[in-house]
Amino acid sequence: MSEHKRRIEFGDFQTPDGLALAVCRRLAVLGIRPDVVIEPTCGVGAFVRAAAEAFPDARQILGFETNGAYLEILRTKLASTRNPDRIHLEHADFFTTDWRGKLSDIRGSVLVVGNFPWVTNAVQGAIGGSNLPEKSNFLAHRGFDAISGKANFDISEWMLLEVLRWFEGRSGDVAMLVKTAVARKVLAHAQRQGAAVRDAFLIGIDAKKEFGASVDACLLVMRFTTDQSLACHDYTIFSDLEDRVGRRVGHRFGLTVGDLDAFEASAHLVGASPQKWRSGVKHDASAIMEFTRTERGLENGLGELVELEPDYLYPLLKGSDIGSAKAWRGKYVLVTQRRVGEATAGIREAAPLTWAYLECHGAQLDARGSTIYAKNPRFSIFGIGDYAFQPWKIAICALYKRLRFRLVGPIDGRRVMFDDTVYYLSFDTEEEAVATLAMIESEPARGLLSSLIFWDEKRPVKTSILNVLDWTKLDGAACRQPALF
Ligand SMILES: C[S@@+](CC[C@H](N)C(=O)[O-])C[C@H]1O[C@@H](n2cnc3c(N)ncnc32)[C@H](O)[C@@H]1O
């Protein structure tokens, strides 16, 4: 096996010594005083040595690793460590080790610390790797997960879920460097299972600097208790190992709350949005369905000059325009229906040039991937309904990392459309839209929404979040003058 493939299969990113020591020192500051430390995939042992330094009172430090050569390197390094007799190393495969048997021999408080392999089942599948739990049918998740959007299942997640089981009926701590997305899933799992976690922390790590990996990573710390009455599924997020303030995160009313203090100040606004937030037009064919007005005329995304009746053309503001507060850039979108599933054949009569254009690009439009197109009239689009044709709108881009709402009125007397990275409300009158915007932008409303948004996500602004703000529960909040396109 090539060295490259081995590194991928075993998710082999050794933790720098400085980081491992900083982590263990922070654990000590958090009050973690283990009797026994376990590093289940210890590699060349950064955490084994850091634990020896940071936890002088630990009775035993146990390191396990599947790569025998790494254990040899670690043994050499340990020669100069203080009190090496309490350190025991074992050549072991995580997936076949009898952890429960090992743990039953251990008395006192256990800390499981380290950095599990950084690899997903999808990558394992792609390189033909076999470093997977044997009986878990791990790869079989792929078919189902591809549909449910969970195709990339991290092996570290599986390992962490296994570690959680070690703490059933036992107090102690887990501290693992993981992708932040994995940490969140594991915390949610622990809550679902009613695990006796009494406190948890998610401490930001600069994975680019430490591992050369462009991924959002953190140190996940979970503190387990044997007293179920102390179980609490709130946790604190710290921006980095130096941050001592942090912000509390938890679940309330079935919502994940990113800032419990801010949430509690605005919790009275939680309810059902008086109007459902919608997403913009979806057509999956921007080169054909979107146009720019240039000096030459109307141009599609293929660079073709086209002539179309105005009937089905609407000014378009894309997510980037809304997110960055740009003025309209002369873009248009072809809106072939007024509601989902409406027959499109009438376009032939009403606008022959438009129909000819659609037919000319019919092959590409027919080839649009999603099955929803196949089940609907030819040239169908989605994200459309009466609401799309109301003149006044309040819009926000789902992808931008700030809570910026824009008031959008008609352009050149035409209703404005958005792409499907935009969420919006619509109104018949400017007055209604302005009054609603003032309420949505009020301090308490922003506080509530901000407390529910996780800005490190790819699509941080979600309709599931926007739709819980009931602005009618506001009591005369101070309003700002909105910006208008
Ligand atoms: C991301 S590295 C981290 C190593 C070490 N924990 C550290 O923090 O420096 C992952 C380690 O897991 C080891 N590993 C991968 N699969 C394993 C398995 N099935 N059982 C035990 N160790 C494994 C790799 O050899 C590698 O040393």
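Among the chymotrypsin sites (Phe, Trp or Tyr not before Pro) found in the stretch 357-434, not one is both in a DSSP coil and sparsely packed, with 12 or fewer other Cβ atoms within 10 Å of its Cβ.
A simple spin-label model places pseudo-atoms 7 Å from Cα toward Cβ; at E359 and E72 they are separated by 7.5 nm.
Annotation for the stretch 170-267: GluC sites (Glu not before Pro) lying in DSSP loop with at most 14 further Cβ atoms inside 10 Å of their Cβ are E242. Shape class for the stretch 14-71: oblate, because the ratio a/c of the largest to smallest gyration tensor axis (alpha-carbon atoms, square roots of eigenvalues) is 1.5 or more and b/c is at least a/b. In the context of the full set of protein chains, the stretch 384-458 has a per residue accessible area of 37 Å² (1.4 Å probe). Residues whose amide H falls under 5 Å from that of V112, counting only those 5 or more places apart or on a different chain, are I38, D173, V174, A175, with hydrogens built in the peptide plane.
Label-to-label distance, V29 versus R338, with points set 7 angstrom from Cα along the beta-carbon direction: 6.3 nm. Per residue, the convex hull spanned by the Cα atoms of the chain measures out at 179 cubic angstrom. Derived scalar couplings between HN and Hα for the stretch 187-198 equal 5, 5, 4, 4, 5, 4, 7, x, 4, 7, 8, 9 Hz in order, rounded to whole Hz, by the Karplus curve 6.51 cos²θ - 1.76 cosθ + 1.60 (θ = phi - 60°), x for Gly and Pro. 3J(HN,Hα) along the stretch 328-340: 4, 9, x, 9, 10, 10, 8, 10, 8, 9, 9, 8, 4 Hz, from the Karplus curve 6.51 cos²θ - 1.76 cosθ + 1.60 with θ = phi - 60°, whole Hz, x for Gly and Pro.
Applying 1/(1 + (r/R0)^6) with R0 = 45 Å to the Cβ-Cβ distance of R192 and Q60 gives a FRET efficiency near 0.90. The stretch between A435 and S130, if pulled fully straight at 0.36 nm per residue, gains 103.8 nm over its current Cα-Cα span. Pairwise inverse Cα distances across the stretch 328-485, averaged and inverted, put the Kirkwood hydrodynamic radius at 17.8 Å. Leaving out ligands, DNA and RNA, and with a 1.4 Å probe, what % of the accessible surface on the chain is carbon or sulfur? Exposed carbon and sulfur together represent 51 percent of the surface. Distance from the alpha carbon centroid of the stretch 425-475 to that of the stretch 52-104 works out to 52 angstrom.
Convex hull volume per residue, computed on the Cα atoms of the stretch 305-395, equals 124 Å³.
P(r) of the stretch 1-106 in 10 Å steps, Cα pairs, percent per bin? Final binned percentages: 14, 45, 33, 7, 0. Per-residue extension of 0.36 nm, minus the Cα-Cα distance of E307 and T226, leaves a gain of 21.9 nm for this segment. Per-residue surface analysis assigns L255 an accessible area of about 30 Å², computed on protein heavy atoms at 1.4 Å probe radius.
Close amide H contacts of G204 (hydrogens built in the peptide plane, cut-off under 5 Å, sequence separation of 5 or more or a different chain): L219, F238, S239, D240.
Report I411's accessible area, 1.4 Å probe, all protein chains in place, as a number in Å² to the nearest 10. Here the residue's solvent-accessible area equals roughly 20 Å². For the pair N467 and S171, a Förster radius of 30 Å applied to the C-beta separation gives a FRET efficiency near 0.15, rounded to the nearest 0.05.
Applied to the stretch 263-276, the Karplus parametrisation 6.51 cos²θ - 1.76 cosθ + 1.60 on θ = phi - 60° returns per-residue 3J(HN,Hα) values of 4, 4, 5, 10, 4, 5, 8, 6, x, 10, 4, x, 9, 5 Hz, with x for Gly and Pro.
Cα centroids of the stretch 261-310 and the stretch 348-404: 10 Å apart.
When the convex hull of its Cα atoms is viewed from all sides, the stretch 250-405 shows a mean projected area of 11.8 nm². A simple spin-label model places the labels of D234 and A367 5.5 nm from each other, with each point 7 Å out along Cα-to-Cβ.
If the limit is 21 Å between Cα atoms, which of K331/K462; K326/K401; K282/K318; K77/K179; K401/K462; K185/K473 go over it? Over 21 Å Cα-Cα: K331/K462; K77/K179; K185/K473. DSSP loop GluC sites (Glu not before Pro) in the stretch 418-480 with at most 13 other Cβ atoms within 10 Å of their Cβ, which ones? In loop regions of the stretch 418-480 (DSSP not H, G, I, E or B), there are no sparsely surrounded GluC sites (Glu not before Pro).
For a distance above 14 Å, tell me the whole-number percent of Cα pairs in the stretch 149-227 that qualify. For the stretch 149-227, the share of Cα pairs beyond 14 Å comes to 61 percent.
The values are calculated or read from the model by the stated rules, or taken from the named source; none is laboratory data. Because the structure is predicted, anything quoted here is derived from the model rather than measured. Using ideal geometry, Cβ is built from the backbone for each residue, glycine included, and neighbour counts are taken over all protein chains shown. Quick note on the areas: whole protein, heavy atoms, side chains included, nothing else; ligands and nucleic acids left out. Shrake-Rupley method; radii C 1.70, N 1.55, O 1.52, S 1.80 Å.
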